[in-house]
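Chemist: Here you go, one structure.
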Amino acid sequence: MNRRSPRILAAGALGATALGSGVALTATSGWLVVRASERPVILTLLTAIVAVRTFGMARPVFRYWERLRSHDAALDDLATARADLYAALVPLTPARLPRRGRAAMLAGVVDDLTERVEAQVRVTVPFVTTALAGLATVLLCAWVEPAAGLVVSGLLVVAALTTLLARLLETRSMDALVAARDDVARVTELVASQSLDLQAVGAGGQAIEWVRDAQRRVARASRVQSRGRAVATATLPLATAVATVGCALVATRTDHSAAVSALLVLAPFALAEVFGTLPEAARAWARASAAERRLSQLLDERPGVAAPPHAAAVSAAPVITPADRKAGTHVPHLRLRGVGASWDGRRTALQGADLAVAPGQVVAVTGPSGCGKSTLLAVLARQLDPATGSYLVDGQDALGLPVERVRALFAVVDDEPHVFATTVRENLRLARPAALDQDLLEAVGAAGLGAWLAGLPDGLDTRLGASGRGLSGGERARLSIARALLSQRPVLLLDEPVAHLDHPTALAVMADLLAARGERSVVVVSHRPEGLAEAHGIMDLTRTTVAPRDPVPDAVPTLP
Amino acid sequence: MRPVDPALLRAVPQARRPLGVLAAVGVAQGVATIGTAFALSSLVVAVVRGAPVASAAAYLVVVMVARAVLSFVGETVAAAAGTTVSSALRERLLDRWLSAPAEDRPGSAEAVTLATQGAASVEPYVARFLPALVTAAVVPTLAVVTLAFVDWLSALVVVLTLPLLPVFAALIGATTRDATERRWGALADLSGHFLDVVRGLPTLVAYGRGERQVRTITDVSQGHRRATMATLRLAFLSSAALELLATICVAIVAVTVGLRLSHGSVELGTGLLAILLAPEAYWPIRRVGAEFHSAADGAAALASALPQVSRAQPAGREQPANRPVSDGAEPPSPGKPGNWPKTVVVQGLAYSYPGSSDRVLDGVDLTAPTGLTVVTGPSGCGKSTLLELVAGLRTPTAGAVRAQSTHLVTQRPFLTVGSLRENLTLGTGPVSDAAIWAALREVGLDGVVAAQPDGLQTPLGDDGRGFSAGQRARLVLARARLADADVLLLDEPTAHLDDESAAVAHRVILDLARHRCVVAVTHRRELLSLADHHVALRATAAAPGVPA
């Protein structure tokens, strides 16, 4: 994906023409002025006058053309890169994405991709442009006077080395700066969104100290980083001045006409403007490389589920027929025997888990943090291959069945449901594209959102998400449940669906969910036992077997 | 738009020094730029005349060394100024919100945006735009003034043509503004689409819709490209037009100089100088335009942040939660806090949320002396609001609250990313490890914490992840135990606990109430039975309250 598109190189050539025109403009103007001061016949100046005028016009025109072409090419590449990245992320989802802070991490991926593609405009184009315009200046000078050509090529080498040095300096502090900025953003968000909680315990002063600490780290890292740019902005003009003086010395030692001597002095000096984009390009280069590194780290991960099973297994897989699924009748029998799994192939996240879910049962999975509750759900949902043990769906080895078919049995509701920036209708229909409005309304009602929907100005056409209406935590959880119900998938997997909700809301959401589940089986992971009085079995993963139905600890507030 | 709002310098005094240095460096750079033109023209003249070049060359090198040093300092100072100003602004915003009652704070989402992206966008504004602005003010002025002395005719041409640039820019701006604004909304939607579907990737994959999204992404991204290019074309075209205009103006200067040179009415050195200085009068103005695009967000953020930070400050700088909230009648004597009776007195208290005229609390009277006071009442009758008012986190609509330093344990245990020790000492002041362990023992968590490999250093996730709801509730009780506040306010402290842990917690609460004033809101009968005093709140006028 990291190709240098020929269109970008073409844009670079256009840019070089613009910059070259700038150099030529300065050089020919110098020639013209000196020649004019010799008071020749005006006609002999005409060619030079036309040249000056042409170069003067060419610079803005070619610059406009270059910017248009380079941006268009970069945006086109961005479209392709986005689609490619998305396709590459699909098999890594969700097993290879971090469970916490996933949304922030994915937003970072989007930024990194943009950074990498924009590097074409912000890095490749300036480099190509500078190199070509510089080479043209070298050729011009060398044609007039080879020694001057040598001086100017020396200048180009210094410029290239300076850019590399700047990039090195910037890269060195890049990770520290990114980490420090992330830290400031995290702490700031915490303080800004939880001012009341901090005030409540009188921790305002401490909170400000956190922010100060994080900001001090940013200031330090940015000081180090700014050195790269500062070195480049200081060195480049200085090197240009030295080259100008060098060319002046060359000109005095040769017997060119006065006008040509002026040209030899002014041409290298005009390169100072050409080099103006290099410091910024060096920084963009360092950033793009860092973005590239982070992206490839993620994309090099192996999918959490092995390649689709061989053909024989597919043909012998009549577990659920599409007709069954459509009618929503067949609820499978699920069985885990001695299942162990690991997210990274090193640390065991789940060990020797036994679980049986008969059709229509509600099974609660509890246990302390890190005991593998979510891992168990990921194995059930075929998001993660088990490392040991067996997983049977209706008595058949689930690993032998097509992944998509097993996945289609499960509707997963987690505690970070995403609300898309589109209408309520589209937000629901992604779970079942063929659903009619009537189905949507039923699902919404069953999820306890009927009153909410009735209160929306445009009903199902109301826009949600970033640019639309905001949703409370409870509404978000219920929307996710409505999707799950709408999907008609026969097993609901609930991963701490109410962890973010306050107690009464959590209670109400769970009660509505269990009432609406119909024939479906439910496996729920929760450290809060709200509304699980109905559970047919509690699986405590510290014991890793399903206990017979025992009473759920009663933490429901005793209302007076 | 004013380049530097004086309100910024008032509200963020830390900004004064770096901004002053930036301006000084900018002026020095302007002088050096003019000096360069002199040095270069004398070098060219020396070369052309066959005169010795040594002194002109030395002059040029000296000027360029000066420029290099100024560039280095300028870049460094600009970067530092950017972080200093944006950090100081962020700190002032947060400090202000942390010392303001809830009504005076913007909503949570708005606050987060302003303090994160908003403050961050001030950085390029200061680091890039302001230096460009200084250059734009200094260099053209110096160039014109110098030209006036060197060659007044060229100066006249520049003075006559220079105003064309801003006029032309305004004309282009006016004709393209509507088109740009029309596209802006659509553009924001399109560019947000990819972020939206990537964030929603887990949801889409869960419903087997991931693969199908790829096609949509290509389509939407291509739409985004077309819309962006339409906007960019206008922007690029107008900047090309301005550049062309500047080139033509320089050409007019060059033509008059050339004509006068060929008539011998002007010296070569003068002519060269005029031609080198003339572009300096036009260039910086164009650069400001280019930098302004990256600074627009920063300017907008400053505009919304400054009113927040320049609002009148409360007299003291202490934390409001620890500040005695007083109606002014009897200020607690600060000299002997130990002797002052630890009480809460609430008289005729009423409260309505900002933007609402309905009173959640109306005419509430309450006196809570040292000991355990339990507040009960139906859901939604304003019990939590009452505690927040007593803690000074909200300003009463009517009535008065008098309380010593308070520590409020919110209904949802407030725990945050950080070590256990950091969380347990939030707002407690310096506390020894022994005291922390003692507090943990009292809430029955010492065993759990000791079993963690890192003990008190054990990291806590967001929201206290890693501990169960019951453990979290007991952790914040341990913190309350460590706080040196005279008044402890507990909002449903044991709602999430099973009966056994609740009994432990109730014992701790009772123990706390021996020396302090403890006000607890609860639904639990067991806690009510332990109370020294009971206050039953009724729902306000509309719904008849059901006292517990």
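Chemist: Would the range B:370-381 turn up any residue that is open to solvent by less than 30 Å² (accessible area, probe 1.4 Å), in contact (Cβ under 8 Å) with a residue 60 or more places away in the chain and at positive phi?
Modeler: Checked against the condition, which is being open to solvent by less than 30 Å² (accessible area, probe 1.4 Å), in contact (Cβ under 8 Å) with a residue 60 or more places away in the chain and at positive phi, the range B:370-381 yields at least one hit.
Chemist: Looking at A:Ala307, A:Ala288, can you tell me which residue is among the hydrophobic types (A, V, I, L, M, F, W, C) and at pLDDT below 85? Step through it out loud before you land on a result.
Modeler: Values: A:Ala288 fails: at pLDDT below 85.
Exactly one residue qualifies, and that residue is A:Ala307.
Chemist: Go over the candidates A:Ala48, A:Ala81, A:Ala16 one by one and state the one that is without any contact (Cβ under 8 Å) to a residue 24 or more places away in the chain, part of a helix (DSSP H, G or I) and open to solvent by less than 40 Å² (accessible area, probe 1.4 Å). Before you say what the answer is, go through the steps one by one.
Modeler: Values: A:Ala81 fails: without any contact (Cβ under 8 Å) to a residue 24 or more places away in the chain; A:Ala16 fails: without any contact (Cβ under 8 Å) to a residue 24 or more places away in the chain.
Selected residue: A:Ala48, the only one of A:Ala48, A:Ala81, A:Ala16 that is without any contact (Cβ under 8 Å) to a residue 24 or more places away in the chain, part of a helix (DSSP H, G or I) and open to solvent by less than 40 Å² (accessible area, probe 1.4 Å).
Chemist: A further question follows. Can you tell me how many residues in the range A:30-44 are surrounded by fewer than 18 Cβ atoms within 10 Å (Cβ to Cβ) and part of a helix (DSSP H, G or I)? Outline the logic, then answer.
Modeler: Step one: list which residues in the range A:30-44 are surrounded by fewer than 18 Cβ atoms within 10 Å (Cβ to Cβ), which gives A:38-44.
Among the residues that remain, those that are also part of a helix (DSSP H, G or I) are: A:42-44.
Residues meeting the conditions: 3.
Chemist: Being in contact (Cβ under 8 Å) with a residue 40 or more places away in the chain, more than 30 Å from A:Ala81 (Cβ to Cβ) and in a helix (DSSP H, G or I) narrows it down to one residue among A:Val128, A:Val158; which is it?
Modeler: Among A:Val128, A:Val158, only A:Val158 is in contact (Cβ under 8 Å) with a residue 40 or more places away in the chain, more than 30 Å from A:Ala81 (Cβ to Cβ) and in a helix (DSSP H, G or I).
Chemist: Which one of A:Ala176, A:Ala207, A:Ala166 is part of a helix (DSSP H, G or I), surrounded by fewer than 17 Cβ atoms within 10 Å (Cβ to Cβ), out of contact with any Ser or Thr (no Cβ under 8 Å at 6 or more places or on another chain) and among the aliphatic types (A, V, I, L, M)?
Modeler: A:Ala176
Chemist: In the range B:398-513, which helices (runs of 4 or more DSSP H) lie fully inside it and hold 3 or more residues that are within 12 Å of another protein chain (Cβ to nearest Cβ) and open to solvent by 10 Å² or more (accessible area, probe 1.4 Å)? Lay out the reasoning, then the answer.
Modeler: Values: elements: B:420-424, B:433-442, B:446-451, B:469-482, B:499-512.
Where helices (runs of 4 or more DSSP H) fall fully within the range B:398-513 and carry at least 3 residues being within 12 Å of another protein chain (Cβ to nearest Cβ) and open to solvent by 10 Å² or more (accessible area, probe 1.4 Å), they are B:469-482, B:499-512.
Chemist: Here's a check for you: in the range B:514-534, which residue that is assigned to a loop (DSSP other than H, G, I, E, B) and in contact with a helix residue (DSSP H, G or I) (Cβ under 7 Å, 6 or more places away or on another chain) is nearest to the other protein chains (Cβ to nearest Cβ)?
Modeler: Step by step, filter the range B:514-534, then rank; the result is B:Arg524.
Chemist: Additional query: If the Cβ limit is 9 Å and pairs must be 6+ apart or interchain, which residue in the range A:328-357 that is among the acidic types (Asp, Glu) pairs with which residue that is loosely packed, with under 15 Cβ neighbours inside 10 Å?
Modeler: Between residues of the range A:328-357 that are among the acidic types (Asp, Glu) and residues that are loosely packed, with under 15 Cβ neighbours inside 10 Å, the close pairs are A:Asp354/A:Gly338; A:Asp354/A:Thr545.
Chemist: I need every pair where a residue in the range A:104-122 that is assigned to a helix (DSSP H, G or I) has its Cβ under 8 Å from the Cβ of a residue that is open to solvent by 40 Å² or more (accessible area, probe 1.4 Å) and among the hydrophobic types (A, V, I, L, M, F, W, C), sequence separation at least 6 or different chains.
Modeler: A:Ala107/B:Leu195; A:Val110/B:Leu195; A:Ala119/A:Trp285
Chemist: Look at A:Asp255 and say whether it is in a helix (DSSP H, G or I) and either out of contact with any helix residue (DSSP H, G or I) (no Cβ under 6 Å at 6 or more places or on another chain) or more than 8 Å from every other protein chain (Cβ to nearest Cβ) (or both).
Modeler: It is false that A:Asp255 is in a helix (DSSP H, G or I) and either out of contact with any helix residue (DSSP H, G or I) (no Cβ under 6 Å at 6 or more places or on another chain) or more than 8 Å from every other protein chain (Cβ to nearest Cβ) (or both).
Chemist: Let me ask another. Within the range A:543-557, is even one residue under 26 Å from A:Arg382 (Cβ atoms), modelled with pLDDT under 80 and assigned to a loop (DSSP other than H, G, I, E, B)?
Modeler: There is at least one residue in the range A:543-557 that is under 26 Å from A:Arg382 (Cβ atoms), modelled with pLDDT under 80 and assigned to a loop (DSSP other than H, G, I, E, B).
Chemist: Determine whether the range A:401-418 contains at least one residue that is surrounded by 23 or more Cβ atoms within 10 Å (Cβ to Cβ), more than 14 Å from every other protein chain (Cβ to nearest Cβ) and in a loop (DSSP other than H, G, I, E, B).
Modeler: There is at least one residue in the range A:401-418 that is surrounded by 23 or more Cβ atoms within 10 Å (Cβ to Cβ), more than 14 Å from every other protein chain (Cβ to nearest Cβ) and in a loop (DSSP other than H, G, I, E, B).
Chemist: If we scan the range A:421-438, do we find a residue that is buried (at least 20 other Cβ atoms within 10 Å of the Cβ) and at positive phi?
Modeler: no
Chemist: Next question, about the same structure. Does the range B:102-118 hold any residues that are open to solvent by 30 Å² or more (accessible area, probe 1.4 Å), facing another protein chain (nearest Cβ under 10 Å) and touching a residue at least 12 places away in the same chain (Cβ under 8 Å), and which are they?
Modeler: Of everything in the range B:102-118, just one residue is open to solvent by 30 Å² or more (accessible area, probe 1.4 Å), facing another protein chain (nearest Cβ under 10 Å) and touching a residue at least 12 places away in the same chain (Cβ under 8 Å), namely B:Gln117.
Chemist: Report yes if some residue within the range A:212-231 is under 30 Å from B:Gly429 (Cβ atoms), open to solvent by less than 30 Å² (accessible area, probe 1.4 Å), in contact with a helix residue (DSSP H, G or I) (Cβ under 8 Å, 6 or more places away or on another chain) and more than 8 Å from chain B (Cβ to nearest Cβ); otherwise report no.
Modeler: Yes, the range A:212-231 contains at least one residue that is under 30 Å from B:Gly429 (Cβ atoms), open to solvent by less than 30 Å² (accessible area, probe 1.4 Å), in contact with a helix residue (DSSP H, G or I) (Cβ under 8 Å, 6 or more places away or on another chain) and more than 8 Å from chain B (Cβ to nearest Cβ).
Chemist: In the range B:203-236, what count of residues is obtained for those that are open to solvent by 40 Å² or more (accessible area, probe 1.4 Å), in contact (Cβ under 8 Å) with a residue 12 or more places away in the chain and facing chain A (nearest Cβ under 7 Å)?
Modeler: 0
Chemist: Out of A:Ala81, A:Ala87, A:Ala103, A:Ala176, report the one residue that is among the small types (Gly, Ala, Ser), facing another protein chain (nearest Cβ under 10 Å) and closer than 30 Å to A:Trp210 by Cα.
Modeler: When all the criteria are applied, what remains is A:Ala103.
Chemist: Suppose the filter is away from chain B (no Cβ under 13 Å) and within 29 Å of the chain's Cα centre (by Cα); does A:Asp385 pass it?
Modeler: Yes; evaluated as a whole, the condition is true for this residue.
Chemist: Can you tell me which of (1) within 12 Å of another protein chain (Cβ to nearest Cβ); (2) in a helix (DSSP H, G or I); (3) farther than 22 Å from A:Gly228 by Cβ; (4) open to solvent by 40 Å² or more (accessible area, probe 1.4 Å) is the one B:Arg67 doesn't meet?
Modeler: Condition not satisfied by B:Arg67: (3).
Chemist: Within the set of pairs 6+ apart or on separate chains, which have a first residue in the range B:128-156 that is at pLDDT below 90, a second that is not in a helix (DSSP H, G or I), and C-beta atoms under 9 Å apart?
Modeler: Matching pairs, first to second residue: B:Phe129/B:Pro3; B:Leu130/B:Pro3; B:Leu130/B:Val4; B:Leu133/B:Pro3; B:Leu133/B:Val4; B:Val134/B:Pro3; B:Ala137/B:Pro3.
Chemist: Give the range B:214-244 a look and list any residue that's under 30 Å from B:Ala174 (Cβ atoms), out of contact with any Leu (no Cβ under 6 Å at 6 or more places or on another chain) and among the aliphatic types (A, V, I, L, M), or say none.
Modeler: Answer for the range B:214-244, where residues must be under 30 Å from B:Ala174 (Cβ atoms), out of contact with any Leu (no Cβ under 6 Å at 6 or more places or on another chain) and among the aliphatic types (A, V, I, L, M): B:Met229, B:Ala230, B:Leu232, B:Leu234, B:Ala235, B:Leu237, B:Ala240, B:Ala241, B:Leu242, B:Leu244.
Chemist: Here are A:Leu299, A:Leu196, A:Leu238: which of them is over 35 Å from the mean Cα position of the chain (by Cα) and open to solvent by 10 Å² or more (accessible area, probe 1.4 Å)?
Modeler: Sole residue among the options that is over 35 Å from the mean Cα position of the chain (by Cα) and open to solvent by 10 Å² or more (accessible area, probe 1.4 Å): A:Leu238.
Chemist: Right, another one. Would you check if B:Ser121 is over 30 Å from B:Ala235 (Cα atoms), buried (at least 19 other Cβ atoms within 10 Å of the Cβ) and more than 10 Å from chain A (Cβ to nearest Cβ)?
Modeler: no
Chemist: What number of residues within the range B:46-64 satisfy the criterion of being more than 9 Å from every other protein chain (Cβ to nearest Cβ) and either β-branched (Val, Ile, Thr) or within 30 Å of B:Gly298 (Cα to Cα) (or both)?
Modeler: Number satisfying all stated conditions: 1.
Chemist: Is the range B:251-259 home to any residue that is within 32 Å of the chain's Cα centre (by Cα) and closer than 30 Å to B:Ala56 by Cα?
Modeler: Within the range B:251-259 (the criterion being within 32 Å of the chain's Cα centre (by Cα) and closer than 30 Å to B:Ala56 by Cα), the answer is no, since none of the residues qualifies.
The values are calculated or read from the model by the stated rules, or taken from the named source; none is laboratory data. The structure presented is a predicted model; accordingly, all values stated were derived computationally and were not measured. Reconstructed Cβ throughout: ideal geometry from the backbone, glycine too, with neighbour counts over all protein chains shown. Surface accessibility is based on the protein's heavy atoms, side chains included, excluding ligands, DNA and RNA. Shrake-Rupley method; radii C 1.70, N 1.55, O 1.52, S 1.80 Å.
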